[in-house]
Structures are given as C-alpha cells and as structure tokens.
1. On the given criteria, is TYR483 exposed (fewer than 14 other Cβ atoms within 10 Å of the Cβ) and of a type in the set (Phe, Trp, Tyr)?
2. Does the range 321-331 include one or more residues that are surrounded by fewer than 17 Cβ atoms within 10 Å (Cβ to Cβ) and of a type in the set (A, V, I, L, M)?
3. Just give me the residues in the range 346-371 being surrounded by 13 or more Cβ atoms within 10 Å (Cβ to Cβ), aliphatic (A, V, I, L, M) and not in a strand (DSSP E or B), in sequence order.
4. Output the qualifying pairs, or none if there are none: Cβ atoms under 9 angstrom, residues six or more apart or on different chains, first residue in the range 392-419 and within 16 Å of ligand 5 (Cβ to nearest atom), second residue of a type in the set (D, E, K, R) and at pLDDT 95 or above.
5. VAL223: aliphatic (A, V, I, L, M), in contact (Cβ under 8 Å) with a residue 12 or more places away in the chain, closer than 30 Å to GLY187 by Cβ and not in a loop (DSSP other than H, G, I, E, B), yes or no?
6. Residues in the range 447-487 that are within 14 Å of ligand 4 (Cβ to nearest atom) and in contact with a Gly (Cβ under 7 Å, 6 or more places away or on another chain): how many?
7. State which residue is nearest to GLN183 (Cα to Cα) when the search covers only the range 23-81 and only residues that are in contact with a helix residue (DSSP H, G or I) (Cβ under 9 Å, 6 or more places away or on another chain) and among the β-branched types (Val, Ile, Thr).
8. Is it true that ILE410 is more than 16 Å from ligand 1 (Cβ to nearest atom) and over 23 Å from ASP528 (Cα atoms)?
Amino acid sequence: MKLSYSTIIFQCLLACASCALPTLYEYYTGDGISSGLSVDQPYFTLNGKNITIYGGAMHYFRVPPQHWRDRLRKLRAAGLNTVETILAWNIHEPRNGYFDFGSGGTDMEAFVDLEGFLTAALEEDLLVIVRPGPYTCGEWEWGGFPSWLLREDTLKVRTSEQTYMKYVERYFGNVLPILAKYQFTNGGPIIAVQVENEYGYNSDIDKVYLQSLVDLMKSNGIVELLFTSDGASSGTAGTLPGVLFQTVNFGSDAATSFHILEGLQPGKPVMAMEFYPGWFDHWSEGHHTLSDSDFRANYEDILGYPASVNLYMFHGGTNWGFFNGANIGPGDNSQFQPTTTSYDYNAPLTEAGDYTSKYDIIRELLVLYNPIETLVPDPPELVERQEYPTLSIDGYLSLENIVANSHEIILTTSTLSMEQLPINDDSGQSYGYIVYREGGLNISAYSNLTITGHIRDTVMILINGVLISSSLSSSDDFNNFGYWRLENSTITLTTEDLTDATLDIVIENFGRANFGNMYHQFKGLMEDNRVFLNDEELWFWVIYPLEFQSSWTKNLTDWNSVSSDLPKGPGLYKATLTVDDDHTDTFIDMSEWNRGVVIVNGFVLGRYAFIGPQQTLYLPGPFLQTGDNDIVIFEHFEPASEVKFSTDAIFSNP
Ligand SMILES: *[C@@H]1O[C@H](CO)[C@@H](O)[C@H](O)[C@H]1NC(C)=O
Ligand SMILES: *[C@@H]1O[C@H](CO)[C@@H](O)[C@H](O)[C@H]1NC(C)=O
Ligand SMILES: *[C@@H]1O[C@H](CO)[C@@H](O)[C@H](O)[C@H]1NC(C)=O
Ligand SMILES: *[C@@H]1O[C@H](CO)[C@@H](O)[C@H](O)[C@H]1NC(C)=O
Ligand SMILES: *[C@@H]1O[C@H](CO)[C@@H](O)[C@H](O)[C@H]1NC(C)=O
C-alpha cells in the first residue's frame, strides 16, 4: 500500500498536535512562577493565567500507596487538573506527641507518607488542594480527631478552648511545614489550603478559633489561598469574610448555591468544593447510588455556569480497619449510624479503581467545557482481579485464648472507657474491642444483667466463655440488647444456678461520629453505663483491651486445630491463602459470615456485617506476599466454614 502525501502530513499533524501540548504544570509555570491561585477577579488565575479548577477528591490514606500512581493517573486522564485531599490527624498523631508521616512504624505507616503522595501528584501532573482541618469530617473516625484528646476533661474540639488549641498548635507545627514545602509558589503542586471544614454547621460558632487557625497556617509558612467550604445555607457562619475565600458544597441545583455565594462574595469566582457524584453507606441501609443522567445534568450545570468544581469523591477508597466514622443524633448514642468499611461512594472510580460510566461522562464533558488544552495521558489499563480459591479454616482461638495473649491487663473498681486506659504511653485505647471481666460470681437461675444508658456501641455477653447474647439476625436487632438504641438494656443470663462463674462483657467501638453531636465520643463503659446483676451493681473489672495491632496479631501462635464443625464466636478463625508472584487485587466475600472484622497478614482490613449493604472487603494485591498469607477473622457470632473470594464488589440492598 502506498501512503499518499496528504495522509503522511495528516498523521504527522496528529502526532505533533499532541506532542506539542504542554503538560499542565508547564502551561502554568513555563515562564517561571510569580504568583499562586488568585481570587482578586471574578475568575481564578494561577500564576497570572486563567484557570478553572476541575478537581477530584481522593484521600491518600484510603487508597493503598502502591496504587496511588494508578489512581492519580486515572484522575488526570479524565481531564481533571486537581486532586483534593483531606488530612486525618488521628493517623498522623496516633498517640499523644507521637507523629507518623510515613516512617513512624505504626500500622498505617505506609498510608501516611504525605510527602510521597504530594510528590506522586506533582509527577502525575496534578495540582493539589489540601484540607488539613484539624477537623476534616470525611466519614472518617471522629472526623480525624485522635481519640486521646478525650482524655483531657476540659478539652472542647473545634473551639478556641486552650487545651484543644495547645494540641492543634503542636499538630499544625508538625504537619504544616510539610505542606508549606509543597506549595505552588515553592515549586510544588499545592494551590489552596482549607481552614477547618463546614464549620458553619457546627453548633458553637467560635470565630476566634477560625482566626487562630488562620494565624497558625500563616506562621507555619502557608502562603497559598486560604479558604473555607460550607453549605450555602450556612451563609458566612463558617468563615471569616474578607480573610478567607468561601466555597460551597452541594449535590444538585448548582445555580441556587452559586447565586447565594455570589451574593456573599461579590466579584469573586465561584467554586463547589464538594459536589457529590454519589454518597456513602451506613450499615443496614441500601447502597447509595446516583444515576448517570442525574450526575451528568448536575455536573454540566456547574461546568456551564461556569464554575470551578471538586468532585467529592472522585475515588472514595476504603475505611481500613476501625477507621470508619459514623453519624449520630443529638444527645445520647441512640441514633448512632456507623459508616461501612467500603467508601466506594458510587464514585467515578470504584473502590478498587475501576472506571465507571460516570468516569466517561467526566472525560466527555471536560473536553467540551475546558478551553485550556494540555497534555492528558491515556486512561491506564485495568489490572485484572483474581478470585482466589475458596479456603477452609485451619485454626481457631477462643476469646479465652485471645485474652490470654493480652499484654495489657487493667484492674479497676470503677467503669473505665477504652480511652481512659493507662496504656499506649498514656494515650489510652483508640480502636477495636474491650473486654470487661468479672469472675467468682454466683449467678442464680434467670438472673438478669442490666447495662444502664446506651451502649457504645455493640456488646457481646459471655458466661464461662460461652456466648449468651444473640447473633445478629437482621438490622431490627439494633433495637435489642447488644446494640446502642436501647436505654438500660437487660439480658437474662442463665436457666440454672451457677457458682464461681466468669462474666465477660465484650464491647466494640463501631467508629466515632464524624458529624453532628460529636463531642462525647468515649467507647466501652462510661460512668452512665453501670452494670447490674439483678439489683447488685458489679464494679470490679479485669479489663483486656483488644486493639488488634499488627505486631500483636502477628504474634498469635498456638492456634487450635478445627474440625468442620466450628466453635461459635466470639473467636479468631484463621485461613491460609497461598499466592504466586503475580497476585493481584481481590475481594473477600463475607456474605456467609455474621459480624466481625477481617485481618490480613496482621493488618485490619475492615468490618463486615451480613446485613449489608457491603458484602465484600477489598483486598489489594500489594497487601499479599508471595507464598502464605494469614487471613484472620474475628467473628462475633456465627463463623462460616469457608473464606470465599470474588473478583467484584457485592452490595446487597436490604
Ligand atoms: C480570562 O477569563 C476572563 C473571564 O472569562 C476573560 O474575560 C478573559 O479574557 C480571560 N483571559 C484570557 C487571557 O483568556
Ligand atoms: C458462691 O457460692 C459458693 C458456694 O455456695 C460460696 O462458697 C461462695 O461464698 C459464694 N460466693 C459469693 C461471692 O457469694
Ligand atoms: C429477670 O427478668 C425477667 C423479665 O423481666 C423476670 O421475669 C425475672 O424475674 C428476672 N429475674 C430476676 C432474678 O429478677
Ligand atoms: C434508665 O435507668 C435510669 C436509672 O439508672 C433511669 O433514670 C431512666 O429513666 C431509665 N430509662 C429508661 C428508658 O428506662
Ligand atoms: C510478641 O511476642 C514476643 C515473644 O513472646 C514478646 O516479647 C513481644 O512482646 C510480643 N509482642 C507483642 C506486640 O505482643
């Protein structure tokens, strides 16, 4: 075949058309860097050039670090120019005064490599918006607050109260200099920094607090644009007009929110900092989805306005381990709603990084609306997930075996919450389970155990190592003994007289509230959770914290061998997954199990509950090692006989 001259010219033009495009970073910095993001006119400029921010949220700590590059490239390949992330104080300062930014040796060490993430974003040709908080909500445990803050009696989060500010000052003093280094005008990707988060929804508005945060940011070297984000209905309650640039958060009806924002901030550009392409799930709810047509219409309303917009979330990822947040009603714990481990969010990229039709819509619309052409990479190819062979259980540890391995045993004659335990360098216990034991009890037939107040959050009762409380049979059980909704809950313990019996009360922290009435976030037994055996108050406890820290779980030996008839929970059930060199991502299908957590090679992957909607746990390939891998399940009630895998996420709709 003979190529015509015109074909050759055309092919050459095509090739050169794309190779001639500057990268995003070249486009904005080609002539040197003299200024950052500016809102001094009704549109954004960056380094003096017009820019519309097309952002997508992806939280570094919700994505396996080995997959950061892949997800960031997918974000850029969609045509987006900015990645937005919140920070999570509780994984950067897991114990009072002990910081981890990637080499601190904590179980989240690999996830908290903030500099690694910012470097990857820059190298993937993305600008970055950061929201360091200190409160960042995000459906993350206690909105990002470390639980050891609860140990300070007078401390009041999200206010200018002194003890709280003392800790904020120290945390910001450690984290902000890292962010400062990566600012745009210092040659990095960060173009804007948010102050607090949706502060307008807070019950006590403390503007002195907001100003102190601004001062701390500046004194720690933050020079880029400072802003706040709130629902439009909050007006200026959550911001400092004239000091902080304001953005709005919404899921639909862009024009209404933008008109309000323009009224509050005339002559400034408008931006949706959180525009919701999907939503998160609580346990026992239906899986939330937003249709493609609604998504397209809402997104196009924003693009056509025209306005800048950040998709919250572009890629949701996972609430690893015990790090899910919860919603909560006013007052007590009765309206507690824990968020699932999956933070898939029905986002444009799924929890496991798959493209969705929303991804295609974004790509299509940005080509239409973005007037600035820069070099955009091709969407990376997907790596196939594997459905590993079904495994049988090869080891078992009873609760008695588990507490026998406890390296912390606390004796007390009063109720002590997990946060108040004198462990972890006096930072208390942050996450997991806590066992309150009392031995030597004479219990007459039909005795009743009563726990006053609302449990925080779920409880299992054992007598002489045998589970007395019921398995989870449906989400209606949340109204019964064992869960948070009942005030003063009672269970009948035995049908016969028992002497010298041992009572175990196992309490699960199901995640601290990240939004709403989130001040009183103690877990385990508090002063208002008094325990009565009939009319007699029990007050002598032996406490075993069950944190499932990696070093501890990996240390567990002497697993009991099991037959096909597995003992009931609570207990640890182990299976061994053997993989070869080319192990890739998978999902663990927990639909046949009842309620608990899954731990892979010591790392707590997350929680499961058959009531759904989440039925599978995302297991990234990089968490596995060639050879044998320990899959350990802490099941509260009814173990299944096998561990199954699935190539795809499964959601049930109760
Ligand atoms: C920047 O955007 C504004 C508002 O759309 C427009 O008036 C102006 O011409 C643009 N400047 C350049 C250099 O494109
Ligand atoms: C429990 O019962 C045993 C046997 O009747 C008795 O010896 C013991 O004193 C009782 N313990 C308590 C705490 O009442
Ligand atoms: C326990 O509660 C049940 C139901 O209220 C009651 O019938 C029973 O008498 C109680 N047992 C004791 C020992 O008080
Ligand atoms: C729970 O018990 C407390 C006393 O411990 C009592 O004041 C309160 O009214 C009880 N609540 C309910 C709902 O029974
Ligand atoms: C692991 O086991 C070793 C040897 O028994 C012990 O010294 C160490 O403290 C254990 N580590 C943890 C975290 O329990």
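The values are calculated or read from the model by the stated rules, or taken from the named source; none is laboratory data. As the structure is a prediction and not an experimental result, all values here were calculated from the model. Here Cβ is always computed from backbone atoms with ideal geometry, including for glycine, and neighbour counts include all displayed protein chains.
1. Values: exposed (fewer than 14 other Cβ atoms within 10 Å of the Cβ): no; of a type in the set (Phe, Trp, Tyr): yes.
For TYR483, the condition - exposed (fewer than 14 other Cβ atoms within 10 Å of the Cβ) and of a type in the set (Phe, Trp, Tyr) - is not met.
2. Applying the first criterion (surrounded by fewer than 17 Cβ atoms within 10 Å (Cβ to Cβ)) to the range 321-331 yields 329-331.
From what's left, of a type in the set (A, V, I, L, M): none.
The answer is no; no qualifying residue exists.
3. Within the range 346-371, ALA347, ALA352, ILE361, ILE362, LEU365, LEU366 qualify.
4. LEU397/LYS574; VAL403/ARG437; VAL403/ASP504; GLU408/GLU547
5. No: the conditions fail for VAL223.
6. Total meeting the criteria: 1.
7. Per the stated criteria, the residue is ILE33.
8. Numbers: more than 16 Å from ligand 1 (Cβ to nearest atom): yes; over 23 Å from ASP528 (Cα atoms): no.
No, not satisfied.
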